[in-house]
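The values are calculated or read from the model by the stated rules, or taken from the named source; none is laboratory data. These figures come from a predicted structure and were not determined experimentally. Here the Cβ positions follow ideal geometry from the backbone for every residue, glycine too, while neighbour counts run over all protein chains shown.
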Amino acid sequence: MNGDDTVYLEPDISVICDKNKLTEEGCKGAPDWILEIVSPTSRQMDYNKKLFKYRSAGVREYWIVDPMKLQITVYNFEYDTFEEYSFSDKVKAGIYEYFEIDFAGIEHG
């Protein structure tokens, strides 16, 4: 993802709904939905820098999945909201009407 032509961020998981944004080089423009899996070395980047960059670039929804806290933080930039969930919750994707991820059904460890 290239927000200002000087910073390239590579999300852990990205969902791009508009196939016209995809080129041989990657995604031209903002993905619709990004999930970052926090590690000890990425914590500062995921919670601060990427949050700001993704919001500014036009990402619609950003999830921070934090295995150390057993927490998922969901930022819905379209509605300027955020919610926190645990790894025992089902988390609904805001950009899709009928899609959710059941974190309780995912093996952790």
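Whether any residue in region 15-27 is within 22 Å of residue 96 (Cβ to Cβ), aliphatic (A, V, I, L, M), part of a helix (DSSP H, G or I) and modelled with pLDDT of 90 or more is what I want to check. Taking every residue of region 15-27 in turn, none turns out to be within 22 Å of residue 96 (Cβ to Cβ), aliphatic (A, V, I, L, M), part of a helix (DSSP H, G or I) and modelled with pLDDT of 90 or more.
Of 95, 34, 64, all but one fail to be under 16 Å from residue 13 (Cα atoms) and modelled with pLDDT under 95; the exception is 95. Entry remark, region 85-109: residues being touching a helix residue (DSSP H, G or I) at 6+ places or on another chain (Cβ under 8 Å), aromatic (Phe, Trp, Tyr) and under 21 Å from residue 60 (Cα atoms) number 1 in total.
Could we say that residue 64 is under 9 Å from the mean Cα position of the chain (by Cα) and surrounded by fewer than 18 Cβ atoms within 10 Å (Cβ to Cβ) here? It is false that residue 64 is under 9 Å from the mean Cα position of the chain (by Cα) and surrounded by fewer than 18 Cβ atoms within 10 Å (Cβ to Cβ).
Name the single residue that is nearest to the chain's Cα centre (by Cα) among those in region 36-51 being of a type outside the set (Val, Ile, Thr), surrounded by fewer than 19 Cβ atoms within 10 Å (Cβ to Cβ) and not in a loop (DSSP other than H, G, I, E, B). Top of the filtered list is 47. Condition (residue is assigned to a helix (DSSP H, G or I) and free of Cβ contacts under 8 Å to residues at least 24 places away in the same chain) applied to region 52-68: is it met by at least one residue? Yes - at least one qualifying residue is present in region 52-68.
What pairs can you find where one residue is in region 71-88 and under 14 Å from residue 34 (Cβ atoms), the other is of a type in the set (D, E, K, R) and not in a strand (DSSP E or B), and their Cβ atoms are less than 9 Å apart, with a gap of 6+ or different chains? Close Cβ pairs (under 9 Å, with a partner that is of a type in the set (D, E, K, R) and not in a strand (DSSP E or B)) amount to 72/89; 75/55; 76/60; 77/55; 77/60; 78/60. Scanning region 80-106 for residues that are charged (D, E, K, R) and in a loop (DSSP other than H, G, I, E, B), we see that the one that is surrounded by the most Cβ atoms within 10 Å (Cβ to Cβ) is 89.
Checking the stated criteria, residue 56 turns out not to satisfy the condition of being exposed (fewer than 13 other Cβ atoms within 10 Å of the Cβ), farther than 18 Å from residue 13 by Cβ and at pLDDT 95 or above.
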